[in-house]
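Here the structure is laid out as structure tokens; the discussion comes afterwards.
The values are calculated or read from the model by the stated rules, or taken from the named source; none is laboratory data. Keep in mind the model is a prediction, meaning the values are calculated, not measured. Every residue, glycine as well, gets a Cβ built from its backbone with ideal geometry; the counts of neighbours run over all protein chains shown.
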Amino acid sequence: MENCLVYITAANANEAVAIGRDLVGRKLAACANVHSPVVSIYRWRGVIQQDNEVVLIAKTRRDLVDDLTVRVTEIHSYDCPCVVAIPIAGGHAPFLEWISAESQS
């Protein structure tokens with residue numbers, strides 16, 4: 001089973017934790033890590049922005065990424081949230097098996 005890390009940014013730690021708990025509770029992710037703070041620099045509607053954000057990294061199966069993305073966009077405060085899946089090329093086999101077992105639809 002192919003697994004992924006899903007990189008998500010949030011406006012603050014409370015939102016990131018709420019999203020992470022929702023995804024794990026629905027078994028769309030095996031676990032979620034919240035990293036804070038980060039400084040994000042980006043162009044939005046033609047203007048360069050700089051904001052403090054929080055990064056949420058969810059670990060899930062590849063076949064759940066679309067459902068996870070839909071759920072994040074339903075509950076996220078941003079109009080266009082960053083939700084990016086990164087394939088896991090390898091790692092500790094028991095941990096990767098745990099991700100597959102704990103993230104099920």
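Which residue out of Ala93, Ala29, Ala58 is small (Gly, Ala, Ser), out of contact with any Asp or Glu (no Cβ under 9 Å at 6 or more places or on another chain), at pLDDT 95 or above and surrounded by 12 or more Cβ atoms within 10 Å (Cβ to Cβ)?
Working: Ala93 fails: surrounded by 12 or more Cβ atoms within 10 Å (Cβ to Cβ); Ala29 fails: out of contact with any Asp or Glu (no Cβ under 9 Å at 6 or more places or on another chain).
Result of the check over Ala93, Ala29, Ala58: Ala58.
Exactly one residue among Asp51, Asp22 is surrounded by fewer than 18 Cβ atoms within 10 Å (Cβ to Cβ) and within 28 Å of Glu97 (Cα to Cα), and that residue is Asp22.
Candidates Leu56, Leu64: the one that is under 21 Å from Ile19 (Cα atoms) and in contact with a Leu (Cβ under 6 Å, 6 or more places away or on another chain) is Leu64. When the residues of the stretch 1-56 are narrowed to those that are touching a residue at least 40 places away in the same chain (Cβ under 8 Å) and among the small types (Gly, Ala, Ser), which ends up farthest from Glu74 (Cα to Cα)? Per the criteria, the residue is Ala30.
Residues of the stretch 1-54 being touching a Pro at 6+ places or on another chain (Cβ under 9 Å), within 19 Å of Ile88 (Cα to Cα) and not β-branched (Val, Ile, Thr), which ones? Listed by number, the residues that qualify are Glu2, Asn3, Cys4, Leu5.
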